[in-house]
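Derivation of every value follows stated rules applied to the coordinates shown; laboratory data play no part. Owing to the predicted nature of the structure, the values given are computational and were not obtained by experimental measurement. Every residue, glycine among them, receives a Cβ derived from its backbone with ideal geometry; neighbour counts consider all protein chains shown.
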Amino acid sequence: MIRCLVLAAAALPTLASAQSSEKVQAMCYQIETTANALVDYTRTSCLPSGGNTPGTYSFILLSSQPVFSVEASKKAWLLGAVAAVGDVLNRNPLVKAEELWLSDSNQMKNRAAYVMPADKARSLQRLVKSDRINLDTMYAEISKSLKRRQIPKK
């Protein structure tokens, strides 16, 4: 799993400054803690990365279990992961987050991830927290937002 994180991180832009790096690393820890509390059948790891636009960040979330292979597991993990990211981003409104990369142990073998805009995670978490949407609607919105991408080789 650590190897997968390193490979994924190496393919994406690097963080801009040490101070920014420390903040987004702390955010990743909060994301991991929340995601792992919400979904206990897998271990979720988070790694921050620089976004494509200068001054922005992206977050890579990896499940230690092959959650994309079983619909029920996929749904629960995506809901937990996106909610965790949205919650942390909403508590850190000045952080410019660009993308959320989601993958699992099987997907990483093929260097694949599902990517969605980080702002979508922010808005979905706000909507579900305020009871303006339910979890099924949140999952439908997540599913529509996800785009499968190949993780580029370094």
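Assorted remarks:
- Counting only whole DSSP H helices of the chain, the ones at least 27 Å long by C-alpha along their axis and with mean Kyte-Doolittle hydropathy no lower than -0.5 are 18-38, 71-91.
- For Ala97, residues with placed amide H under 5 Å, excluding near neighbours: Tyr57
- Net charge of neighbours whose Cβ lies under 12 Å from the Cβ of Gln125, counting Lys and Arg as +1 and Asp and Glu as -1: +3
- The chain: most fluctuating residue of Ser130, Ser63, Ser49 per GNM, C-alpha cutoff 10 Å: Ser130
- Around Trp101: net Lys/Arg minus Asp/Glu count, Cβ-Cβ under 14 Å: +2
- Charge tally around Val24: other residues with Cβ under 14 Å, Lys/Arg +1 each, Asp/Glu -1 each, net -1.
- Given their separation in residues at 0.36 nm each and the Cα-Cα distance between them, Tyr41 and Lys144 gain 34.6 nm when the chain is fully extended.
- Listed by chain and number, the lysines whose alpha-carbon sits under 21 Å from that of Lys147, ignoring those within fewer than 8 places in the same chain, are Lys74, Lys75, Lys96, Lys109, Lys120.
- About its Cα centre, segment 2-150 has a charge dipole of approximately 280 debye under the convention of +1 per Lys or Arg Cβ and -1 per Asp or Glu Cβ, with nothing else charged.
- At an R0 of 30 angstrom, the distance between the Cβ atoms of Arg132 and Ala72 translates into a FRET efficiency of 0.75.
- Ordered by the count of other Cβ atoms within 10 Å of each Cβ, fewest first, Ile31, Ile142, Ile133 give Ile133, Ile142, Ile31.
- For the chain, averaging the sequence separation of C-alpha pairs within contact (under 8 Å, six or more residues apart) and dividing by the residue count gives a relative contact order of 22 percent.
- Restricting the calculation to Cα atoms, the chain shows an Rg/Rh of 0.93 when the hydrodynamic-style radius is the Kirkwood one.
- Set of aspartates and glutamates near Lys153 by C-alpha distance (under 19 Å), chain-local residues within fewer than 8 positions excluded: Glu99, Asp104
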